[in-house]
Every structure is written in structure tokens, then in C-alpha cells.
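Single-structure report; data block below.
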Amino acid sequence: MKVLAIETSCDETAIAIVEAHGDEQSASFTVLGNALLSQIDIHREYGGVFPALAKREHAKNLVPLLEAALEEAELLHEDTQAIPEETRDKIAAILSREPGLAEAFFDFVSECEPPAIDAIAVTAGPGLEPALWVGINFAKALALLWSKPLVAVNHMEGHIMAALATNDAEGVLLHIKDVKLPVLALLISGGHTELVLMKEWLEYELIGQTKDDAVGEAFDKVARMLGLPYPGGPEISRLAELVRNSSELGSPVSKFELPRPMLNDATCDFSFSGLKTAVLYLLKKNPDMSEREKQHLAHEFENAVTDVLSKKTARALEQTGAQTLVLGGGVSANTHIRRTFAVKMKEEYPNVALRIPSAALTTDNAIMIALAGFYRALRDEVAPADLAASGNRSLA
Ligand code: KG4
Ligand code: ZN
């Protein structure tokens, strides 16, 4: 099955074409085409993702990315197409809320043979609704024009599938097989911090979640307080690593102490807003912090976050008896978090398989949407004609 997948939930516009073989027990995936444009440079000026701007950029980027992905997949065949009046009108109506998109769409598709794909998958949520809508409308237009089934994908399921996928040596072929259920997923991104259990394949239960800020949001806000650019996660990580790798006498000592919110309570829930406020107070008390002190603060913040994430995850493992742990979402790119989980799991839960997404599949992309879309398509889950963006779409 060849799946064309579209991702526009946040500040990455991405289209991938993936050929999938197999079933729910054992599947392999070849990435035929993968085109992605990050808007980070555009949003940096605003210190975060600006939804109206994200929407406009997605509308501008989708057609060029579609062309690039089809070309890479060798599925782009130029040929003048007659589009029936009625279809044209329907598509124009579907794309009417995305300025400029209909023109670019018709220019491209009227010179392109319908490609040999079997399904179109699109992120339907969670995410920024104005951004999600662009991808959904674009996917609906393509599905109508090319008469392909449209499959709605939950972005977080995409992150889980990306984490479950293992690479072959050349990195070309991905496999999802030998997954031991239940799977516990720690999903950490700019909008999410949750522990989700996949008891049966594609059946989810929420085990814990943040009461306030998402962990990526906390990274981004603390980075902004320290005067670091958006997105803050990689910047904090860079400063913290400087402290860990430094040759100060003995092991690096934290110069600051931050709280570990909800560390010892009986739930698997999280809270990060108090941690963020604690950083704010420290900065107010020490207005002339040196660069070195800022590095120490970043280091302590990253340690506090990692302590909470690993302790709550351990609690959830005990509570659920999960056989596999996956990390997913943009924050799982964090070097210290990855390293800590790798060590702790080996020491404390040697029988639980740990799966962490490869670096390229960690942050938002369309390959992960194609993987999840494949499983939904296998179950014939065709999206309704009135599929809508759902900013809070949940897994459980
Ligand atoms: O999953 P993602 O790409 O987009 C959302 O769906 O939110 O996650 C983006 C988040 C941002 O908050 C970013 O700061 C964070 O992931 N992030 C990191 C790192 N790389 C990205 N956080 C900590 N350490 C990193 N290395
Ligand atoms: Zn994401």
C-alpha cells in the first residue's frame, strides 16, 4: 500500500510518500519521498508559533512540497488533465478559506497524472486548528480529485509509530514488528505531556498527563527568560551539556536548586508551571546572572524535568506492567532525557523494551503520519466527508 501523508499541525509543513507491506503484527515501510519545510526561522521573531502565520506558510508550501515528494518517489508524470467543472467547483469550495492555495493547486494538478498511490493520510489533530485545517482541506481536495480514500491520523499516534519503528542498517527501510504489548508511551512535545497505554494494538488509555504546561512549553518559556531563541528546547540542552561536559573540579555542582513538582504524589500526572515560576524567581533575585550561571540554571532545569519524567514513567510502568516503553514528541530529541532513560531502563527495567525514535523521526514529520495512516487504512477507517480539525483530539 502506498500512502501519501500530510502534516501541518504546528510549524512544520511536511508531505511523505511511504510504501507499506505487511500487517499489524509485522510491517515494513519504504520511504519513497519525504519533503519537509520548517517555519522555525519565521516564528523565531515572535518567540513562538504564531497560528495565523503558520496557516499562511502551510498554504504557500503544500503544493511545492507535494511536487517534491512525488518527484522523489518517481510518481510525478506530467500530462494535461481535464478536470470536470463540477469537481473543480467542489475543490474551489473546499480550498476557499486558504488564500492562494486553490490557484496553486489547480495549476499543479491540471498538469499532473493522478499518481499511483492507494490512500491519503492527514493529521486531523491535536495541534493548532488554523494550521491543521490547511492540511485537511488540501488532503480532501486531493482525495476528491484523485478518487483516493482519505484517512484521518492522530498526531500523537504518529509519534508513537515513529518510536516503534526500527531502521535497517542502511536506514532506508523501517520495520514495526515484534512489539510487546502493552506499550507505555511517554509523549512529550510543545503541546503535550502524557503517559498513554496501548493495551491492545491501537487501543489507548490515558495513564497520566500534565495539569498545566507541557514540558516542551516549559523548555521554551524558560529559554525565553534566559534570552535564548525559539525553540528553546535545543538551546537549554546545549547550555546544560556545557556544564555536564565541563572540566570544573569534581563533578559539576548545581549552583541552583529547583523543585521537582509532583514528584512524590501517588498519581502519574505532571505539573511544570511551578518549575517555570521557580526559574522566574531565581532570575529576579539574581538579575545579573553570568553566562556560566545561566548554564548552571539550564542544567538544573533539565535535571529537574528529567527526574520528574523518569520517576512518573517508572510509576506508570509499575502500575500497568507495560512490556515496551516508547518516547515520542519533539522533547524526546533531548540528549539528556534519551541518555537517562536508556541507562535507567537497562538498570531498573531490563525486561521492558525501550524504543526511542531516530533523530530524524523525533520532531514533526509526515513519515510518522504515513505509518499511523497505514494502520488506520488497514482497518478501513475512511475519514468522514465532514472531517474537521480538532485541536484537542485525544488518543484515549
Ligand atoms: O513534537 P514537536 O516537534 O511539536 C509539537 O507537536 O509540539 O515538539 C516541539 C517541542 C518544542 O517545545 C521544542 O522546544 C521541543 O519540542 N524540543 C526539545 C528539544 N528539541 C525540540 N526540548 C528539549 N530538548 C530538545 N533537544
Ligand atoms: Zn509533534
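The values are calculated or read from the model by the stated rules, or taken from the named source; none is laboratory data. Bear in mind that the values here come from a model prediction, so they are computed numbers and not experimental data. Positions of Cβ are backbone-derived with ideal geometry, glycine not excepted, and every protein chain shown enters the neighbour counts. Note: areas computed on protein heavy atoms with side chains; ligands, DNA, RNA excluded. Shrake-Rupley method; radii C 1.70, N 1.55, O 1.52, S 1.80 Å.
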*Would you give the gap between the C-alpha center of the stretch 124-190 and the C-alpha center of the stretch 313-388, rounded to a whole Å?*
11
_Sequence-distant residues sharing a close amide H with residue 34 (under 5 Å, placed H)_ = 17
*Among DSSP beta bridges lying fully in the chain, give the percent that are antiparallel, nearest 5.*
65
_In whole Hz and in residue order, list the ³J(HN,Hα) couplings for the stretch 345-350 that follow from phi through the Karplus curve 6.51 cos²θ - 1.76 cosθ + 1.60, θ = phi - 60°; x for Gly and Pro._
5, 5, 6, 9, 9, x
_Under-20-angstrom lysine pairs by C-alpha in the stretch 166-356, whenever the two are 8 or more apart or on separate chains_ = 28
_Counting DSSP beta bridges with both ends in the stretch 166-356, the antiparallel % (nearest 5)_ = 60
*Note, ³J(HN,Hα) from phi for the stretch 274-284, Karplus 6.51, -1.76, 1.60, rounded to Hz, x at Gly and Pro*: x, 5, 4, 5, 4, 5, 4, 4, 4, 5, 5
*Amide H neighbours of residue 207 under 5 Å, at least 5 residues apart or on other chains, H built in the peptide plane: list them.*
195, 196, 197
*Hey, got the dipole for the stretch 181-271? About the Cα centre, +1 on K and R Cβ, -1 on D and E Cβ, debye to the nearest 20?*
380
*To the nearest 10 square angstrom, how much accessible area does residue 364 have with a 1.4 angstrom probe?*
30
*Over the stretch 166-356, calculate the relative contact order: mean separation of alpha carbon pairs under 8 Å at least 6 apart, over the residue count, as a percent.*
27
*Over all distinct alpha-carbon pairs, what is the Kirkwood Rh of the chain in angstrom?*
22.0
*Once amide H atoms are placed 1.01 Å from N in the peptide plane, what residues at a sequence separation of 5 or more from residue 81, or on another chain, have their amide H within under 5 Å of its amide H?*
111, 112
*In whole Hz, with x marking every Gly and Pro, tabulate ³J(HN,Hα) for the stretch 380-395 from phi via Karplus 6.51 cos²θ - 1.76 cosθ + 1.60, θ = phi - 60°.*
6, 8, 7, 5, x, 4, 9, 3, 10, 5, 9, x, 10, 2, 10, 7
*When only C-alpha pairs under 8 Å and at least 6 residues apart count, what is the relative contact order of the chain, in percent?*
23
_Given Cβ point charges of +1 (Lys, Arg) and -1 (Asp, Glu) and nothing else, what value in debye, to the nearest 20, does the dipole of the chain about its Cα centre take?_
1600
